[in-house]
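The values are calculated or read from the model by the stated rules, or taken from the named source; none is laboratory data. This structure is a prediction, so every number in the text was calculated from the model and none was measured. We place every Cβ from the backbone using ideal geometry, glycine too, and count neighbours over all the protein chains shown.
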Amino acid sequence: MDKILIRHIPSAPKEPDSSGNFNIRDIETLLSGKDMIQELHRHSFFYMLVLEKGAGEHSIDFVPYTVSDYSIFFMRPGQIHRLMLKNGCRGFLMEFTNDFYTPLEKAARQVLRKVSSKNFCPLDADRFKKLYSTLSGIFEEYSSKQERYLEAIHSSLSILFIELLRQSRDPKSLSNGSGKYQQELLEEFQELIALHVSEHKQIAYYTERLHLTIYQLNAITKATLDKTCSEIINDHIILEARRHLLATSGQVNQIAWQLGYEDVSYFIRFFKKHTGYSPEAFRNNFK
C-alpha cells in the first residue's frame with residue numbers, strides 16, 4: 001500500500017558525527033524569496049519551527065493553526081502536517097533525532113516529552129526574545145563548527161527546552177506534586193500508545209509497562225484528560241487511521257491491516273462509530 005511520505009534529515013558527508021541526526025536552517029535562506037508549500041507528510045525526527053516573523057498556515061494532525069509572529073511549532077516523530085509559509089518569514093527550522101539528543105537524566109527526558117507534546121506555542125515579544133537568543137546561538141555553533149560544537153549544541157538544547165517548558169506551561173494544568181506525577185505518567189502512557197498500539201490495543205499491556213493497575217491508570221487519565229484509558233487508545237487509533245486515509249491512497253483493507261486489524265469489517269464499524277463516517281466516506285469528504 002502507499003505509505004505516508006516520511007522525510008528524514010538529509011545526510012551531510014562532511015559531518016560524520018551528526019550526519020542525518022541534526023540540522024538547523026535559517027528560514028529566510030530556506031524561502032529564497034518565495035512562498036513555501038509542503039503537502040501532507042510526516043518526519044522521522046523532532047521538528048521545531050521558531051518564527052520571529054511569520055505568516056501562513058500550518059496544520060498538525062489535522063488541527064489548523066495560523067502562522068504568526070513570535071510563534072513556535074514543535075512536532076514529535078510520526079506526526080503528520082501540512083505547511084505553507086509566506087515569503088518574508090524570519091526565524092529558524094531545527095530538526096534532530098532521538099539518536100542526537102537522548103539525555104540520560106530522567107528529568108531531562110521528561111522536559112523533552114512535555115515540550116514536544118504541545119504543538120503550538122504563541123509568545124509575546126519579550127518572552128520570545130530569550131528563547132530566540134538561545135536558538136540563534138545554536139545556529140551559530142552549527143554554522144561555524146568550532147571545536148566540540150556538538151557538545152555546545154547539546155548543552156544549548158537542554159537550556160532551550162527548559163526555557164520553552166517555562167514559557168509554554170499551561171497555568172490551568174495541575175501544579176502540585178501529585179498532579180505532576182500524574183501528568184508524567186499520562187505522557188509516558190501516550191508515548192507507549194504511539195509506539196505499540198498497532199500490536200497492542202489492550203489496556204493490560206500498558207498498565208504492565210507502567211507498573212500500574214487498570215484502576216490506577218484510569219484514575220490518572222480521568223483526572224488529567226477526563227477520559228478513560230480505552231478512550232485514549234481509541235483516539236490514537238482513529239488519528240492514525242485518518243492520517244492514512246487522507247495522506248495515502250491505500251485501500252481500506254490495507255490500512256486496517258497496517259493498524260493491526262485482521263477483520264476489515266470490524267475496523268470499518270469501529271471507525272464509523274467514532275467518526276460518524278465509513279473510512280471511504282471520510283476520505284471522500286475530507287481529502
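Figures for the structure shown
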{"read-out": "Check on Leu30, more than 19 Å from Glu191 (Cα to Cα) and not in a strand (DSSP E or B)", "value": "yes"}
{"read-out": "Lone unmet requirement of (1) of a type in the set (D, E, K, R); (2) in contact (Cβ under 8 Å) with a residue 12 or more places away in the chain; (3) touching a Ser or Thr at 6+ places or on another chain (Cβ under 7 Å) for Lys222", "value": "(2)"}
{"read-out": "Condition met for Leu131 (more than 18 Å from the chain's Cα centre (by Cα) and of a type in the set (A, V, I, L, M))", "value": "yes"}
{"read-out": "Thr134 being touching a residue at least 12 places away in the same chain (Cβ under 8 Å) and of a type in the set (Val, Ile, Thr)", "value": "yes"}
{"read-out": "Leading residue by the ranking (modelled with the highest pLDDT) among those in the stretch 241-251 that are crowded, with 19+ Cβ neighbours inside 10 Å and not basic (Lys, Arg)", "value": "Ala241"}
{"read-out": "Candidate set: the stretch 64-83, residues that are farther than 20 Å from Ile6 by Cβ and among the aliphatic types (A, V, I, L, M); chosen: the one surrounded by the most Cβ atoms within 10 Å (Cβ to Cβ)", "value": "Ile72"}
{"read-out": "Within the stretch 86-100, tally of residues that are crowded, with 19+ Cβ neighbours inside 10 Å and not in a strand (DSSP E or B)", "value": "3"}
{"read-out": "Single residue of the stretch 186-202 satisfying the filter (surrounded by 18 or more Cβ atoms within 10 Å (Cβ to Cβ) and free of Cβ contacts under 8 Å to residues at least 60 places away in the same chain) that is nearest to Lys114 (Cα to Cα)", "value": "Leu186"}
{"read-out": "Residue tally, condition on the phi < 0 side of the Ramachandran plot, of a type outside the set (S, T, N, Q) and not in a strand (DSSP E or B), over the stretch 54-85", "value": "5"}
{"read-out": "Number of the condition not met by Pro122 [criteria: (1) under 24 Å from Glu57 (Cα atoms); (2) at pLDDT below 95; (3) in contact with a helix residue (DSSP H, G or I) (Cβ under 6 Å, 6 or more places away or on another chain)]", "value": "(3)"}
